[in-house]
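Below is one structure, written out as structure tokens; comments come after it.
The values are calculated or read from the model by the stated rules, or taken from the named source; none is laboratory data. Bear in mind that the values here come from a model prediction, so they are computed numbers and not experimental data. Here Cβ is always computed from backbone atoms with ideal geometry, including for glycine, and neighbour counts include all displayed protein chains. Side chains included, ligands, DNA and RNA excluded: accessible areas come from the protein's heavy atoms. Shrake-Rupley method; radii C 1.70, N 1.55, O 1.52, S 1.80 Å.
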Amino acid sequence: MVTANVRFLTNSLEANLTCRSSELKESLEKIGVLTPFSQIRLDNARTLQINLIPNDEIGELICSIVNPRSDTLGNVQRLCRHLYCMNEQHTESFIKKLESGKIKTVLQGIKEAEKMRAEKNIER
């Protein structure tokens, strides 16, 4: 999906953004980043350098809706994690919405993924 290359001072980290939030938090802390990743904007180049690298077609679609000026590392990770945990039917539906332009931002993607997850829970 998406890998984040994070550089902080002389330390660096490569994180698969489908990981759990707790895993990302621990990894960032190991390289000295104490700011909650939900508050780290992607364009925060003064202290951190973050590069998002798509690993597949879904990753490319996700990266295409990322706005570095307003999106945070935490929101991109949340979206990737939601997609990772979706069943095949919901994943296909989500991809179609990305491709058609119905989902234009990371926040819209998170809301849509949460909506799909809620529908899945109701079906059970």
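If you scan the range 1-42, which residues turn out to be basic (Lys, Arg) and surrounded by 14 or more Cβ atoms within 10 Å (Cβ to Cβ)? Give the derivation first.
Taking the range 1-42 first, the residues basic (Lys, Arg) are 7, 20, 25, 30, 41.
ARG7, LYS25, ARG41, listed by residue number.
If ASP56 meets every condition in (1) more than 17 Å from MET1 (Cα to Cα); (2) of a type outside the set (Ser, Thr, Tyr); (3) more than 12 Å from the chain's Cα centre (by Cα); (4) at pLDDT 95 or above apart from one, which number is that one?
Single failed check for ASP56: (1).
Using the structure shown, decide if ILE103 is without any contact (Cβ under 8 Å) to a residue 40 or more places away in the chain, closer than 19 Å to ARG117 by Cβ and aliphatic (A, V, I, L, M). Step through it out loud before you land on a result.
Values: without any contact (Cβ under 8 Å) to a residue 40 or more places away in the chain: yes; closer than 19 Å to ARG117 by Cβ: yes; aliphatic (A, V, I, L, M): yes.
So ILE103 fits the description; yes.
Could you check the range 8-23 and list, in sequence order, the residues that are modelled with pLDDT under 95 and not hydrophobic (A, V, I, L, M, F, W, C)?
Listed by number, the list holds a single entry, THR10.
Among the candidates LEU98, LEU107, LEU83, single out the residue that is hydrophobic (A, V, I, L, M, F, W, C), modelled with pLDDT of 95 or more, over 17 Å from CYS19 (Cβ atoms) and open to solvent by less than 30 Å² (accessible area, probe 1.4 Å). Walk me through how you get there before you give the answer.
Working: LEU107 fails: open to solvent by less than 30 Å² (accessible area, probe 1.4 Å); LEU83 fails: over 17 Å from CYS19 (Cβ atoms).
Matching residue, one of LEU98, LEU107, LEU83: LEU98.
With (1) farther than 24 Å from LEU34 by Cβ; (2) at pLDDT 95 or above; (3) surrounded by 13 or more Cβ atoms within 10 Å (Cβ to Cβ) as the list, and GLU92 as the residue in question, which single condition is left unmet?
Only one criterion in (1) farther than 24 Å from LEU34 by Cβ; (2) at pLDDT 95 or above; (3) surrounded by 13 or more Cβ atoms within 10 Å (Cβ to Cβ) is unmet by GLU92, namely (3).
Show the residue pairs that are 6+ apart or on different chains and have beta-carbon atoms under 8 Å apart, the first residue being within the range 30-47 and part of a loop (DSSP other than H, G, I, E, B), the second being of a type in the set (Ser, Thr, Tyr) and open to solvent by 80 Å² or more (accessible area, probe 1.4 Å).
ILE31/SER12
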